[in-house]
Amino acid sequence: MSRILPLIFQNLTFLFGIGFLAPLIAQVLERTVSSIGGTPWPLAIGLLVGGGWGAIAQKTGRWV
């Protein structure tokens, strides 16, 4: 546990991008485009955007 906890805190921005931003982006896509209900690609797009944004924030140290 003492090894895992520092790793979680070091990668918290990336985990926020994957865990919060990705589902949020997927839900926004599903609500705005009505014909994609039930398809898996909004989550894939959300994971790409949220994970990419979180990785960039992890590397640069800022979100904007």
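The values are calculated or read from the model by the stated rules, or taken from the named source; none is laboratory data. On a predicted model such as this, the values are computed, not experimentally measured, just so you know. SASA here: full protein model, heavy atoms, side chains in, ligands and nucleic acids out. Shrake-Rupley method; radii C 1.70, N 1.55, O 1.52, S 1.80 Å.
For the chain, what is the accessible area per residue in Å² when the probe is 1.4 Å?
Values: 4880 Å² over 64 residues.
On a per-residue basis, the chain sits at 76 Å².
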*Report, in degrees rounded to the nearest 10, the 0 to 90 angle that the Cα long axis of helix 22-32 makes with the longest principal axis of the chain.*
20
*Can you pull the percent of the chain's accessible area that's carbon plus sulfur, 1.4 Å probe, other chains left in place?*
71
*asked:* Using only Cα atoms and rounding to the nearest 10 degrees, what angle (0 to 90) does helix 41-60 make with the longest principal axis of the chain?
replied: 30
*The list (i) 31, 9, 7; (ii) 28, 13, 7; (iii) 36, 28, 4 gives values of semi-axes √(5λ) of the Cα gyration tensor in Å, and only one came from this structure; which label was calculated from it?*
(ii)
*What number, rounded to the nearest 500 deg cm²/dmol, is the helix-based mean residue ellipticity at 222 nm of the chain, given -39500 (n - 2.57) per DSSP H run of at least four residues and division by all its residues?*
-20000 deg cm²/dmol
_With a 1.4 Å probe and all protein chains kept in place, how much accessible area does THR60 have, in Å² rounded to the nearest 10?_
80
